[in-house]
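Asker: Provided herewith is a single structure, encoded as structure tokens, for subsequent inquiry.
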Amino acid sequence: MALASADEFEDIRDIVQGRCSMCHASEPFYERVYWPPKGVMLETDHQIVSQAKAIIMQSSLSHAMPPANVSYMEPDERKMLLNWYRDGIKRTHVN
């Protein structure tokens, strides 16, 4: 899939694992989070790609995640996520 093969995917994985996976994991390690919210896990490349639209909706467009920006997601990280998704969608429709 175009999203996983993007040149910047390694950076995207780092953002998601650094800002989201403390809660969105099979065994969350964030205080008082006992299971992944809404059952969404973001630990593997496949999980990140399959949840890409939700990641963008929640982090880049609405800024609902991380809640109260608890993991300090930077504006440039939000923009990078959005650009990765948009570019991947364009590549999918071109091929």
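Asker: Grab the other residues whose beta carbon is less than 15 angstrom from that of Ser50, score K and R as +1, D and E as -1, and report the net.
Answerer: Working: positive: Arg13, Lys38, Lys53; negative: Glu43, Asp45.
Net charge around Ser50: +1.
Asker: Using only helices, what value at 222 nm comes out for the chain when you add -39,500 (n - 2.57) per DSSP H run of length 4 or more and divide by the total residues, to the nearest 500 deg cm²/dmol? Provide the component values of the computation, followed by the final result.
Answerer: Numbers: 5 runs with 45 residues, N = 95.
The per-residue figure over the chain is -13500 deg cm²/dmol.
Asker: List the aspartates and glutamates whose alpha-carbon lies under 15 Å from that of Lys53, not counting same-chain residues fewer than 8 positions away?
Answerer: Hits, sequence-local ones excluded: Asp45, Asp87.
Asker: What distance in nm lies between label points placed 7 Å from Cα along the C-beta direction at Gln17 and Met57?
Answerer: Result: 2.6 nm between the two label points.
Asker: Moving to a separate point now. With a 10 Å cut-off between alpha carbons and a GNM built on the chain, which of Glu31, Glu74, Glu43 moves the most?
Answerer: Glu31
Asker: A further question on this structure: Distance in nm between label sites at Tyr34 and His46, each 7 Å beyond Cα in the beta-carbon direction?
Answerer: 2.8
Asker: If you don't mind, there's one more thing I want to ask. Can you tell me the 0 to 90 degree angle between the C-alpha axis of helix 9-19 and the longest principal axis of the chain, rounded to 10?
Answerer: Helix 9-19 sits roughly 20 degrees off the main axis of the chain.
Asker: Once the Cα gyration tensor of the chain is found, what semi-axes does its equivalent ellipsoid get, as square roots of 5 times the eigenvalues, in whole Å, sorted largest first? Write out the running numbers ahead of the final one.
Answerer: Numbers: eigenvalues 103, 40, 23 Å².
So the equivalent ellipsoid measures 23, 14, 11 Å along its semi-axes.
Asker: Which of the chymotrypsin sites (Phe, Trp or Tyr not before Pro) found in region 3-95 are loop residues per DSSP with 11 or fewer other Cβ atoms within 10 Å of their Cβ? Each step should come with its number before you reach the end.
Answerer: On the way: sites: Phe9, Phe29, Tyr30, Tyr34, Tyr72, Trp84, Tyr85; in loops: Phe29, Tyr30, Tyr34, Tyr72.
Within region 3-95, the qualifying chymotrypsin sites (Phe, Trp or Tyr not before Pro) (loop, at most 11 other Cβ atoms within 10 Å) are Phe29, Tyr34, Tyr72.
Asker: So, one more: Tell me, rounded to the nearest percent, the portion of alpha carbon pairs in region 1-51 spaced more than 18 Å apart.
Answerer: On the way: 358 of 1275 pairs.
Cα-Cα pairs of region 1-51 separated by over 18 Å account for 28 percent.
Asker: Taking every pair of alpha-carbon atoms in region 41-95, give the share separated by more than 15 Å as a whole percent.
Answerer: On the way: 748 of 1485 pairs.
Of all Cα-Cα pairs in region 41-95, 50 percent lie more than 15 Å apart.
Quick note: the coordinates plus some simple rules give every number you see, no bench work behind them. Every value quoted in this text rests on a predicted model; they were computed, and no experiment measured them. With ideal geometry, Cβ positions are generated from the backbone for all residues, glycine too; neighbour counts draw on all protein chains shown.
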